[in-house]
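Each remark here refers to the structure printed beneath this line.
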Amino acid sequence: MCGISGIIGRDGVTPEDLARVSAMSRALVHRGPDDSGVYSAPHVALASRRLSIIDLTGGRQPLYNEDRSLALVANGEIYNHAELRRRLEGRGHRFTTGSDCETILHAYAEYGTACVEHLRGMFAFALWDGARRRLVLARDPMGEKPLYLYERDGRLLFASEMKALLRSGEIPFELDARSVDLYFHYQYVPEPLTAVEGVRKLDAAHLLVVDVEPWRVAESCYWRMEDAPPLEGDAPALIREQLEAVGALITRADTPVGVALSGGLDSSAVAAVAARHRPGELHAFCVGYPGRPEGLDERDEAHALARHLGLPFHEVEVETEEVVEFFPELNYLRDDPVADYSGHAYYAVMRKAREQGVPVMLQGQGGDELFWGYPQLRRAAVESFEKEKLRGGGLIAPLRYLAPSAPASLSRAGLSAWARDLGGARSGWRRMREHRASPGGRLVFYDISPDYRAAAEAAGPLYSESFAEQLDQDGAGLLFTLPLPWPRVDVTLTRLISDTYLRANGVAQGDRLAMASSVELRLPLLDRRLVETVVGLRKTRTDVRLPPKAWLKSAVEGLLPEWVLKRPKRGFAPPVGEWHRALFDAYGDSLRGGYLVQSGVLNTEGAGVLARGPFPEGLTSPLSFKALVLEQWCRRMGAQSRVREAAAVSHESAREFLESVS
């Protein structure tokens, strides 16, 4: 696991460029505190910070092939490195280290850019092919590892984090209006966009190839989950097979390994699978809150499973005062603006792991997205199916909306609500009108989220006039508006939720807040083969109308006790109300005349309203919290740009960098 950075230029790299790369690398020391390395050629400079996980003493980067015509810096882990190494050695390749990332070099030498098809893991890498004068950048299929890009005038800069890219001194810190509007709708900026104008991310499952002579930058997609072939067979058995396989791969490390454990099914399944492959060695970590508030604190449930699996258990308790004090720093460490209250809990768990000497952590992210764990996503699928049939026409299509439904609850309140709804007819008629009024190619997706709807209705009046003029009408809905006819609704929604909420909120936050404590985060449920298996099975029989996570629960029967499998789902939720009030008491006034007002995003009146911290009932992340996160993020990240460390660096620093290259 590392942090990487670099620059390639059509007209060559200067001593000032080398200093820029040095500055970017220093900004990534938390991603790699164990070692650093650099490479330089006339048109390219690469740098790496290393967190040693596999081959602790021999895997220093940059890595080279046999004749040193290829140089590599890489961030991530290649889980199938042992199997891939044996195959490549059988074809005559000679390895000089035990590093998992060295397999990338030899796979490229053997297969060219198709090497990514042979990698099972998480990665973002930069490979310089000296013979072809070509730089190859790549990112893993599910986007677990980040790579930020800035391209202008025959130059391309890249880095593992935004803060490092800004430290180059070459990028003006200016907000991108469309991205900021998307942020207020989604609570994050959907990838590959970023909040900074001119900066983007290399998209998941993409390659970027830069040829120097003639100068050419070409980007391509090498994998799509929706292309997984249809798969017949017993779904739970096939999923269990992949879970066992990835469990053996994901636990490979020359260091201690832990798991972030809650009371939920996803982290419990990951813990159970991992424990089989590191018996007596796996550590469990859990977060809780003072007073153990009912419905929020899961330490008791997590501890019970840890005892059942024989795992050492470590817990950390997060207090409101700590959350408030650390809030500006947390938003800086997240690297992107993400308005998610659970961020501090992520950070606290990873910090605890590092304190306990556990630099590799497993987490259960992806289970809700792959197995219909979110009620809102299930509803989106059902309503999209309805809309699809309505679009097909015919007299019977509207009648389906009026068909009676069963009451959600047999309680007195549930039966009363069902009766007022005329057995589902009123809400069905309302859905039909909404589906007819929305654009024909728009799937039902984020537009049923209360947070999204609140932004669509209320964000506009908060924006300054100049900011609003830069936006497309309803541009936020373009992310889930597709050409007609739609592809499979259930598979498409799985892809959409993975591309949006999972990657830009959960995965991005997990990676940055783990690496802030120099901890490598691994996500077994995002394994490429497991994802292909789930999608392939879904193509032959949809599971959207089964109970939530039906396939996953059946797959882990026998691995987990019944009391875990039958436990009702609870979200990973901190004491939001208490934290929200305390944060606005401390920082709410920063919105009045702050960066967002001065840069023309918010008007003065709107900022004053948001500064009071309104939190309408039914919302998860209100506009006020989104604005506060963005305000604090801009203040810290803008300061990074103003440092302009590389631009002001002395020639002495450039000379030191050149000496380190040699």
For residues in region 166-188 being farther than 15 Å from residue 475 by Cα and in a helix (DSSP H, G or I), which is nearest to the chain's Cα centre (by Cα)? 166
Can you report the number of residues in region 1-36 which are of a type in the set (D, E, K, R) and closer than 19 Å to residue 350 by Cβ? 2
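Residue by residue, here is whether (1) outside the structural domain of residue 325 (by TED's automatic domain parsing); (2) part of a helix (DSSP H, G or I); (3) modelled with pLDDT under 95 holds:
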site	(1), (2), (3)
579	yes, yes, no
593	yes, no, yes
596	yes, yes, no
600	yes, no, no
607	yes, yes, no
616	yes, no, no
621	yes, no, no
628	yes, yes, no
634	yes, yes, no
The residue that is farthest from residue 519 (Cα to Cα), considering only those in region 258-296 that are at pLDDT 90 or above and acidic (Asp, Glu), is 266
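Identify all residues within region 140-173 that are of a type in the set (Asp, Glu), over 18 Å from residue 76 (Cβ atoms) and touching a residue at least 24 places away in the same chain (Cβ under 8 Å); write none if there are none.
Scanning region 140-173 gives 151, 170.
Residues 384, 405, 409: which one is at pLDDT below 95, part of a helix (DSSP H, G or I), of a type in the set (Gly, Ala, Ser) and not assigned by TED's automatic domain parsing to the domain that holds residue 166?
Checking each option against the conditions leaves just 384.
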Number of the exception - residue 137 against (1) surrounded by 19 or more Cβ atoms within 10 Å (Cβ to Cβ); (2) free of Cβ contacts under 8 Å to residues at least 12 places away in the same chain: (2)
Test for residue 210: is it in contact with a helix residue (DSSP H, G or I) (Cβ under 6 Å, 6 or more places away or on another chain), in contact (Cβ under 8 Å) with a residue 40 or more places away in the chain, over 29 Å from residue 490 (Cα atoms) and surrounded by 21 or more Cβ atoms within 10 Å (Cβ to Cβ): no
Only one of (1) of a type in the set (Ser, Thr, Tyr); (2) more than 20 Å from residue 80 (Cβ to Cβ); (3) surrounded by fewer than 19 Cβ atoms within 10 Å (Cβ to Cβ) does not apply to residue 255, and that is (2)
Output for region 267-323, where each listed residue is part of a loop (DSSP other than H, G, I, E, B) and of a type in the set (D, E, K, R): 278, 281, 292, 294, 297, 298, 319
All-but-one check, residue 474 against (1) outside the structural domain of residue 618 (by TED's automatic domain parsing); (2) closer than 19 Å to residue 181 by Cα, failing number (1)
If I filter region 78-95 down to residues being of a type outside the set (D, E, K, R) and free of Cβ contacts under 8 Å to residues at least 12 places away in the same chain, which single residue comes out as surrounded by the most Cβ atoms within 10 Å (Cβ to Cβ)? 95
Among the residues of region 151-165 satisfying the criterion of being more than 21 Å from the chain's Cα centre (by Cα) and among the charged types (D, E, K, R), which is surrounded by the fewest Cβ atoms within 10 Å (Cβ to Cβ)? 153
Selection over region 38-64 where residues are surrounded by fewer than 20 Cβ atoms within 10 Å (Cβ to Cβ) and under 16 Å from residue 97 (Cα atoms) yields a count of 6
The lone exception for residue 235 - which of (1) closer than 30 Å to residue 349 by Cβ; (2) more than 25 Å from the chain's Cα centre (by Cα); (3) surrounded by 21 or more Cβ atoms within 10 Å (Cβ to Cβ) it fails: (1)
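Within region 455-486, can you find the residues that are small (Gly, Ala, Ser), touching a residue at least 40 places away in the same chain (Cβ under 8 Å) and out of contact with any strand residue (DSSP E or B) (no Cβ under 8 Å at 6 or more places or on another chain)?
Correct list: 455, 456, 458, 459, 466, 475, 476.
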Among the residues of region 105-127, are any outside the structural domain of residue 529 (by TED's automatic domain parsing), of a type in the set (Asp, Glu), under 20 Å from residue 144 (Cα atoms) and buried (at least 24 other Cβ atoms within 10 Å of the Cβ)? no
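Count, please, the residues in region 219-255 that happen to be of a type in the set (Asp, Glu) and within 24 Å of residue 503 (Cβ to Cβ).
So the count comes out to 3.
The values are calculated or read from the model by the stated rules, or taken from the named source; none is laboratory data. Predicted, not measured: the structure shown is a model, and the values here were computed from it. Here Cβ is always computed from backbone atoms with ideal geometry, including for glycine, and neighbour counts include all displayed protein chains.
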